[in-house]
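See structure below.
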Number of protein chains: 2
Amino acid sequence: MAVRPFDLSVYLITDETLAGPRGVVETVRQAVAGGVTLVQLRDPVNKTRHLVETAAALMDLLRPLGIPLIINDRVDVALAVDADGVHVGQSDMRPAKVRELIGPDRILGLSVSRVSELVPEDIDVVDYLGVGPVYFTATKPNAPTPIGFEGVAAIRAATKLPIVVIGGVQAKNGEAAIRSGGDGLAVVSAIMAADDPKAVASELAAVVAAAKSG
Amino acid sequence: MAVRPFDLSVYLITDETLAGPRGVVETVRQAVAGGVTLVQLRDPVNKTRHLVETAAALMDLLRPLGIPLIINDRVDVALAVDADGVHVGQSDMRPAKVRELIGPDRILGLSVSRVSELVPEDIDVVDYLGVGPVYFTATKPNAPTPIGFEGVAAIRAATKLPIVVIGGVQAKNGEAAIRSGGDGLAVVSAIMAADDPKAVASELAAVVAAAKSG
């Protein structure tokens, strides 16, 4: 079975703290109205019951819209709500094991920050790469050293997998991110903390579309 | 399919910090030599890859001995290593959903501290209860208010499920824990931080055997 279709253009990663009193689900609702094409639920803080409840609410919102929901790290949460996929980092479960647990048709993404992380046992089972961080970001203080757009380009040259660029990416540098080899932009705070998530998502969608056609 | 057999008599819950430089796997190895009958891997701190590696090492140790390994909270880790079961608390995934994910034959345990938590939707799908905390313990500072042995007895009177008593339980009060309705003693620091885990496990096994026959 082939993996279900997905579009990395405007890839939103949730952050409950940044969403503030508006909440994760309402922020995502506004953002998808602006053009977010894929949502990743990331929550390394809260307990599992809360994660499952948030994930279920996001599925109720996104499935009718045909926008995939991917769960960061937690295969159990993904299976519990029948999410569209899982995204793992270098300290999470190995991609081959994740693939075994989620089956062939769910989307599987992997974070990489160096060409040396493109090992066949991982790469052969994933559907896309999250590449970065381009810049240092306060959202993920323990992230690897920033790799710049040169780092993205190096990984782009080394693999055919679709790439979503992450780490300090926003409208003003979005064109550079796509030109360095990205198929889309992954953002956290740019949307989650925005006064108007819909407007920011819409601007990012326009930047990606322009960069791809240019 | 019936759930696989298990014995709650001396139920060890791991703690990597308390194990210190000896490590979780070596501490468990010594403890099972003394009479531990079931091991629960609990690690709310480390990343998923580390959890899976520890769980796999414990499976290699325990499966040949016929001692079940149960994973706290993380259904994904349990499935990844084909563990014998999962233990959840009141803030983890709902037991009915866990049962759906782990299938009918794996062991499923639930922490309860009040009779009001014995709701049919949970109770009908679990195989045993972890009841406590009897006393306040530093191992789990956010645990519910201690319920004493009276609290254990109240839950014992309200359900036929096997009960393992937890929270400040050790050799000197183990008899009281069994007499209050427990089928076994769950310990963390008493074994994980012990100079001689085998000796402590052996003492606990003797206490449980004496209390059950007395």
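At-a-glance table
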quantity	calculated
Residue that is more than 14 Å from chain A (Cβ to nearest Cβ), at pLDDT 95 or above and over 24 Å from B:Pro95 (Cα atoms), where the choices are B:Val39, B:Val25	B:Val25
Selected residue [over 21 Å from A:Pro133 (Cβ atoms) and of a type outside the set (Phe, Trp, Tyr)] from A:Asp92, A:Asp60	A:Asp60
Any hit, the range A:27-39, residues being farther than 27 Å from A:Lys198 by Cβ and touching a strand residue (DSSP E or B) at 6+ places or on another chain (Cβ under 7 Å)	no
Test: residue in the range B:159-169 that is of a type outside the set (Phe, Trp, Tyr), free of Cβ contacts under 8 Å to residues at least 12 places away in the same chain and over 28 Å from B:Asp43 (Cβ atoms)	yes
Hits in the range B:67-109 (condition: in a helix (DSSP H, G or I) and small (Gly, Ala, Ser))	B:Ala78, B:Ala80, B:Ala96
Members of the range B:115-132 that are part of a loop (DSSP other than H, G, I, E, B) and without any contact (Cβ under 8 Å) to a residue 40 or more places away in the chain	B:Val119, B:Asp124, B:Val125, B:Val126
Residue within the range B:27-39 that is farther than 20 Å from B:Leu108 by Cβ and without any contact (Cβ under 8 Å) to a residue 12 or more places away in the chain present	no
Residue match in the range A:98-118 (condition: crowded, with 24+ Cβ neighbours inside 10 Å, among the charged types (D, E, K, R) and closer than 17 Å to A:Asp15 by Cβ)	no
Residues being crowded, with 22+ Cβ neighbours inside 10 Å and either closer than 18 Å to B:Glu100 by Cα or charged (D, E, K, R) (or both) - total across the range A:82-96	3
Output for the range B:10-36, where each listed residue is surrounded by fewer than 22 Cβ atoms within 10 Å (Cβ to Cβ) and touching a Gly at 6+ places or on another chain (Cβ under 9 Å)	B:Glu16
Residue list for the range A:179-207, filter: among the hydrophobic types (A, V, I, L, M, F, W, C) and more than 15 Å from the chain's Cα centre (by Cα)	A:Ala193, A:Ala194, A:Ala199, A:Val200, A:Ala206, A:Val207
Selected residue (only one of B:Asp73, B:Asp92, B:Asp82 is at the interface with another protein chain (Cβ under 9 Å from one of its Cβ atoms), in contact with a helix residue (DSSP H, G or I) (Cβ under 8 Å, 6 or more places away or on another chain) and at positive phi)	B:Asp73
Residues that are basic (Lys, Arg) and free of Cβ contacts under 8 Å to residues at least 60 places away in the same chain, drawn from the range B:172-211	B:Lys172, B:Arg179
A:Ala138 being surrounded by fewer than 15 Cβ atoms within 10 Å (Cβ to Cβ), small (Gly, Ala, Ser), in a loop (DSSP other than H, G, I, E, B) and modelled with pLDDT under 95	yes
Extreme residue, farthest from the other protein chains (Cβ to nearest Cβ), among residues of the range B:95-124 that are small (Gly, Ala, Ser) and under 19 Å from B:Pro44 (Cα atoms)	B:Gly109
Qualifying residue in the range A:48-56 (condition: out of contact with any His (no Cβ under 7 Å at 6 or more places or on another chain), without any contact (Cβ under 8 Å) to a residue 40 or more places away in the chain and among the small types (Gly, Ala, Ser))	yes
Among (1) surrounded by 20 or more Cβ atoms within 10 Å (Cβ to Cβ); (2) modelled with pLDDT under 95; (3) not hydrophobic (A, V, I, L, M, F, W, C), the one test that A:Gly184 misses	(2)
Extreme residue, nearest to the other protein chains (Cβ to nearest Cβ), among residues of the range B:45-66 that are under 20 Å from A:Val98 (Cα atoms) and in a loop (DSSP other than H, G, I, E, B)	B:Lys47
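The values are calculated or read from the model by the stated rules, or taken from the named source; none is laboratory data. The shown structure was predicted, so the numbers you read here are calculated from the model rather than taken from an experiment. Cβ: placed from backbone, ideal geometry, glycine included. Neighbour counts: every protein chain shown.
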